[in-house]
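Here's the structure, in structure tokens; my notes come after.
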Amino acid sequence: MAHENPVELFDMHIAHVGINANTPEESVRVADLFCSLLGIERGEEPFPVSAFAGTVVEVMNNGGRGTKGHIGLHVSDIDKAVAWYGARGIEFDEGSRTLCPDGSGRTYLIYFKEEIAGFAIHLTIAD
């Protein structure tokens with residue numbers, strides 16, 4: 001049996017690194033520092049809980065998930081990726097499942113149940 005690789009199966013790549021901040025003001029300050037450091041513009045904030053430095057860094061303004069922050073992973077088909085991991089005994093935090101705002105019922109984002117080295121890990125659909 002060939003070794004299956006979820007990076008190849010689902011065109012998985014890093015979406016962003018998440019940093020935990022405690023207030024909206026702190027998240028904007030940290031995002032702006034990363035923008036200056038990386039020479040990028042502020043990204044769109046699709047949710048009111050974070051500020052983005054481009055698409056590279058998401059700074060959560062509510063303490064965020066994960067002891068040390070989070071890592072977002074883009075996948076081409078999130079529902080198939082969730083099923084693939086589930087078939088291998090890897091669990092997700094179903095309470096974190098967020099549906100696409102287009103009303104399709106498709107999953108937009110979901111966190112794995114376990115942290116890795118203090119980082120929460122989530123899957124999200126690639127744009």
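Computed from the coordinates by the stated procedures, all read-outs in this text should not be read as laboratory data. Everything numeric here is computed off the predicted structure, so don't read it as measured data. Cβ coordinates were reconstructed from backbone atoms using ideal geometry, including for glycine residues, and neighbour counts include every protein chain displayed.
General observations
- The stretch 5-88 - charge dipole about Cα centre, Lys and Arg +1 at Cβ, Asp and Glu -1, debye rounded to 20: 320
- Put a dot 7 Å past the Cα of Asp93, heading toward its Cβ, do the same for Ile71, and the two dots end up 1.6 nm apart.
- Within the stretch 36-73, GluC sites (Glu not before Pro) in DSSP loop having at most 10 other beta-carbon neighbours inside 10 Å: Glu41, Glu44
- Angle between the chain longest axis and helix 24-38 axis [Cα atoms, degrees, rounded to 10]: 80
- Calculated from the structure at hand, Rg and Dmax of the Cα atoms in Å is found among (i) 15.1, 52; (ii) 15.1, 48; (iii) 31.1, 104 as (i).
- FRET efficiency for Asp32 and Glu4, using Cβ-Cβ distance with R0 set to 41 Å, rounded to 0.05: 0.50
- Between Ala126 and Trp84, the contour length at 0.36 nm per residue exceeds the alpha carbon distance by 13.4 nm.
- In the chain, Cα pairs under 8 Å separated by at least six residues give a relative contact order of 25 percent.
- Inter-probe distance in nm under a simple model that places probes 7 Å from Cα toward Cβ, at Phe119 and Asn22: 2.4
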